[in-house]
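Encoded as structure tokens, the structure appears first; notes follow it.
The values are calculated or read from the model by the stated rules, or taken from the named source; none is laboratory data. Values in this document were obtained by computation on a predicted structure and should not be read as measured data. Neighbour counts are summed over all protein chains in view; Cβ atoms, including those assigned to glycine, are modelled from backbone coordinates with ideal geometry.
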């Protein structure tokens with residue numbers, strides 16, 4: 001266990017659904033990240049929050065909406081997704097922005 | 001040119017041998033370097049960090065960094081079947097202060 005938890009672990013949703021992914025870190029870290037991992041592609045950084053402020057948004061479509069209510073929690077709100085959004089979504093945290101990152105177990109998302 | 005490059009493999013080594021995994025990066029300003037291990041269906045697990053030129057050893061793992069040549073490598077001594085996984089190289093460029101990951105090298109340790 002890395003001290004980073006994610007729920008749900010698996011999610012199947014239709015293109016018209018709205019769902020949210022949750023991440024919680026118990027490490028006292030200041031930065032949290034959302035990544036997307038698709039087959040045969042490198043990890044793609046989606047969003048970065050440092051001290052609860054969004055510091056990076058890597059041209060992610062607006063159907064993905066992050067929320068960081070405090071330094072321990074991070075959400076990814078999903079709506080009107082496309083089948084190509086099916087992937088493993090990983091949350092990570094680090095003591096400082098850009099430092100060693102520790103990953104949660106991920107949410108395997110399937111969009112039908 | 002990819003920012004972080006790794007041979008996708010698979011790299012096949014017999015049990016007990018040394019596995020050598022390589023990674024090159026394009027940004028000369030890179031400051032920090034990390035190796036992650038990812039088992040199939042699981043999330044990446046941090047196994048080594050290296051920040052200065054030279055070798056860093058931790059158990060069976062040795063990370064090697066050569067900033068002049070812009071490469072970082074991971075050696076796994078006495079490879080075990082449980083080492084079979086994909087190994088991801090990640091580089092922090094310092095200026096962007098984010099990690100850029102390679103596509104990973106799949107390692108297979110055979111009996």
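Please work out which one of (1) more than 12 Å from the chain's Cα centre (by Cα); (2) within 14 Å of another protein chain (Cβ to nearest Cβ); (3) in contact (Cβ under 8 Å) with a residue 40 or more places away in the chain; (4) surrounded by 13 or more Cβ atoms within 10 Å (Cβ to Cβ) is the condition residue A:79 fails and give its number.
With (1) more than 12 Å from the chain's Cα centre (by Cα); (2) within 14 Å of another protein chain (Cβ to nearest Cβ); (3) in contact (Cβ under 8 Å) with a residue 40 or more places away in the chain; (4) surrounded by 13 or more Cβ atoms within 10 Å (Cβ to Cβ) applied to residue A:79, the lone miss is (2).
If residue B:109 meets every condition in (1) closer than 30 Å to residue A:47 by Cβ; (2) modelled with pLDDT of 95 or more apart from one, which number is that one?
Unmet for residue B:109, out of (1) closer than 30 Å to residue A:47 by Cβ; (2) modelled with pLDDT of 95 or more: (1).
Looking at (1) under 14 Å from residue B:20 (Cα atoms); (2) without any contact (Cβ under 8 Å) to a residue 60 or more places away in the chain, can you tell me which one residue B:106 breaks?
Answer for residue B:106: the failing condition is (2).
For the structure I just gave you, tell me whether residue A:43 is within 12 Å of chain B (Cβ to nearest Cβ) and touching a strand residue (DSSP E or B) at 6+ places or on another chain (Cβ under 8 Å).
Against the criterion (within 12 Å of chain B (Cβ to nearest Cβ) and touching a strand residue (DSSP E or B) at 6+ places or on another chain (Cβ under 8 Å)), residue A:43 qualifies.
Which one is nearest to the other protein chains (Cβ to nearest Cβ), of the residues in the stretch A:47-67 that are surrounded by fewer than 21 Cβ atoms within 10 Å (Cβ to Cβ) and within 11 Å of the chain's Cα centre (by Cα)?
It comes out as A:66.
I need the full set of residues from the stretch B:6-47 which are surrounded by 15 or more Cβ atoms within 10 Å (Cβ to Cβ), at the interface with chain A (Cβ under 10 Å from one of its Cβ atoms) and within 17 Å of residue B:107 (Cβ to Cβ), in order please.
Within the stretch B:6-47, B:6, B:34, B:36, B:38, B:44, B:45, B:46 meet the criteria.
Determine if the stretch B:95-103 includes at least one residue that is at pLDDT 95 or above and assigned to a loop (DSSP other than H, G, I, E, B).
No, the stretch B:95-103 has no match at all.
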